[in-house]
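*Asks:* Just passing along the structure, written as structure tokens.
The values are calculated or read from the model by the stated rules, or taken from the named source; none is laboratory data. All of these numbers come straight from a predicted model, not from anything done at the bench. Cβ placement follows ideal geometry from the backbone for every residue including glycine, while neighbour counts extend to all protein chains displayed.
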Amino acid sequence: MQRLYPSLEAQTCPEPEQRLASEHACELQAPLLRCQVPGSESSVRSLSSLALLPAFASIREQLRALASYAPADSFSPGLAEHLFGPALRTSITALEQFAACPFKFFVHFGLRAEERKFFEADAREQGSFQHKILAQFHEELQQEDKRWRDLTPQEARARVGRIARQVADEFREGLFGASDQNQFAARSLAAALEDFIETIIGWMQDYSFDPRSVELAFGGGHDALPAWEIDLGNGHGLAIRGKIDRVDLAVNPERDEALCTVIDYKSGAKKIDLLLLEQGIQLQLPAYLAALRHVADPRPVFGVRRLDPAGVFYVSLRGSYQPGASRSDVLNGASEARRLAYRHAGRLRFDALGQFDRKAPAGNSGQFNYALTNEGKPNRRFADLLEADEFNALLDRVESLLGQMGRRIFTGDAKVDPYRKGAEVACDFCDSRAICRIDRWTHQFRVLKRNPTATKKT
Ligand code: SF4
């Protein structure tokens, strides 16, 4: 105790009942501190009197300085260039975070603060586990010179089950064997993937696209594709890197080109949210397709001279099941419910509909969420099917948003400015509260509003 509080003087109490008894030194701190507070006799009158202790002098000074602390809204453009360099190497996820709250971006990608990592099968690890199984599934087929559609749904199911058992044993030094709970999670994730692959392969008879690349990284030092570079003017630029879960192609050998679709795997149901997209908060899916349309020479990776962007989709890897009206309703409709659970949500080009769904226009395979009018045009009650010019405008809009955000980053924008959309706020998905010191009860959140200049229908 004297090492902690050098001014303490050892005392001996003659009466046994006045002696301090403890099993650990920390139990003595409170009674001893009471004796140290100037002006107190034997008891502490208030917490503020404790703060007067000489031992706390330096802490008092630091707290006094912090009392008036508030993060600045911006830093100088010179410092921004010093932090990021002339070309900011970044990812779409990072730019989405800037759109959600510039200060959050600054903390993570300017200061490079990171969350503490735990050895647990959290949502991120569960996602990585499923991604790894599907990547191995694809690689095995490539080695056997087979396409996904060359398997029957049952063969694909059995293959995924086998790979899942292998991956579970090796994944992250045995993470999924570390507890009964983790083992159960691995079995559940594998079972969902078996359902997923059986459903996907079943759809392939009506789907003209073939999975060509999985976990396709671009922009890294050893990646097959270069970074997507966006010129921001004033000598600045973005060099965007990323990893695309799956790229499907429908190749036209005569024209030496391919319709191109990007698939993003999700753990739950996810749809394109127009408001979040317009504000740059949910850009990743169309941004990846926009990146692919800028690849100067796609032949080494995709085997064709040109890629023609045609679709972007979120697909749930765990199935997004809807509740049934009754138990018998659920049991009787299990097969159809499973197909709907893996239905693709996103955007697809109307002029390529025949390649997405060979049953169209007379029928619908169920893989995509669209309908046609009696005149054979996209039914506007379903947002996923777009005319070609609307689809291209969506990709143009995404590029323009990325450029705008890049320019703001280079002005030094680091404002604590989280968005609100209904009950959802940016801080719900952020671990930097201790740094920005936001009080969500009193903060005026930036309420997202539709941008009237954005494309009407994307
Ligand atoms: S907690 Fe909220 S305000 Fe603070 S950095 Fe994160 S998103 Fe921004």
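*Asks:* Name the pairs: first residue in the stretch 432-452 and within 18 Å of residue 97 (Cβ to Cβ), second residue more than 9 Å from the ligand (Cβ to nearest atom) and not in a helix (DSSP H, G or I), Cβ to Cβ under 6 Å, at least 6 apart or on different chains?
*Replies:* Listed by first residue and then by second, the contacts come to 445/420; 448/279; 448/421.
*Asks:* Here's something else I'd like to know. Residues that are in the same structural domain as residue 92 (by TED's automatic domain parsing) and surrounded by fewer than 21 Cβ atoms within 10 Å (Cβ to Cβ), at least 3 per element: which helices (runs of 4 or more DSSP H) completely within the stretch 254-324 meet that?
*Replies:* Where helices (runs of 4 or more DSSP H) fall fully within the stretch 254-324 and carry at least 3 residues being in the same structural domain as residue 92 (by TED's automatic domain parsing) and surrounded by fewer than 21 Cβ atoms within 10 Å (Cβ to Cβ), they are 274-278, 299-302.
*Asks:* Looking for whichever is surrounded by fewer than 18 Cβ atoms within 10 Å (Cβ to Cβ), on the phi > 0 side of the Ramachandran plot and away from the ligand (no atom under 16 Å from the Cβ) here; the options are 122, 145, 150. Which one fits?
*Replies:* 145
*Asks:* From (1) in contact with a Phe, Trp or Tyr (Cβ under 7 Å, 6 or more places away or on another chain); (2) at pLDDT 95 or above; (3) on the phi > 0 side of the Ramachandran plot, pick out the condition that doesn't hold for residue 319.
*Replies:* (2)
So that you can scan it fast, the table gives a plain yes or no per residue for (1) loosely packed, with under 13 Cβ neighbours inside 10 Å; (2) assigned to a helix (DSSP H, G or I):
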residue: 365; (1), (2): no, no
residue: 375; (1), (2): yes, no
residue: 383; (1), (2): no, no
residue: 390; (1), (2): no, yes
residue: 394; (1), (2): no, yes
residue: 401; (1), (2): no, yes
residue: 427; (1), (2): no, yes
residue: 441; (1), (2): yes, no
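*Asks:* Of all residues in the stretch 403-440 being within 10 Å of the ligand (Cβ to nearest atom) and basic (Lys, Arg), which is nearest to residue 451 (Cα to Cα)?
*Replies:* 415
*Asks:* Another one. In this structure, does residue 399 turn out to be at pLDDT 95 or above, closer than 19 Å to residue 271 by Cα and among the acidic types (Asp, Glu)?
*Replies:* Considered against the rule, which asks whether it is at pLDDT 95 or above, closer than 19 Å to residue 271 by Cα and among the acidic types (Asp, Glu), residue 399 comes out as no.
*Asks:* Taking the conditions exactly as written (modelled with pLDDT under 95 and of a type in the set (A, V, I, L, M)), does residue 414 satisfy them or not?
*Replies:* yes
*Asks:* Which one of the conditions (1) over 21 Å from the mean Cα position of the chain (by Cα); (2) within 13 Å of the ligand (Cβ to nearest atom); (3) over 21 Å from residue 283 (Cβ atoms) does residue 379 fail to meet, given that it meets all the rest?
*Replies:* Exception for residue 379: condition (2).
*Asks:* If I filter the stretch 431-438 for residues that are on the phi < 0 side of the Ramachandran plot and exposed (fewer than 14 other Cβ atoms within 10 Å of the Cβ), do I get at least one hit?
*Replies:* yes
*Asks:* Going by the conditions given, is residue 335 hydroxyl-bearing (Ser, Thr, Tyr), in a loop (DSSP other than H, G, I, E, B), over 26 Å from residue 278 (Cα atoms) and away from the ligand (no atom under 16 Å from the Cβ)?
*Replies:* No: the conditions fail for residue 335.
*Asks:* Identify the single condition in (1) at pLDDT 95 or above; (2) under 23 Å from the mean Cα position of the chain (by Cα); (3) farther than 29 Å from residue 229 by Cα that residue 161 does not satisfy, given that it satisfies every other one.
*Replies:* The number of the failed condition is (2).
*Asks:* Right, next: Let me spell it out: the conditions are (1) at pLDDT below 95; (2) buried (at least 19 other Cβ atoms within 10 Å of the Cβ); (3) not in a loop (DSSP other than H, G, I, E, B), and residue 330 meets all of them except one. Which number is the exception?
*Replies:* Unmet condition: (2).
*Asks:* Let me ask another. Between 83, 79, 88, 95, which is within 16 Å of the ligand (Cβ to nearest atom), in the same structural domain as residue 400 (by TED's automatic domain parsing) and not in a loop (DSSP other than H, G, I, E, B)?
*Replies:* It is 95.
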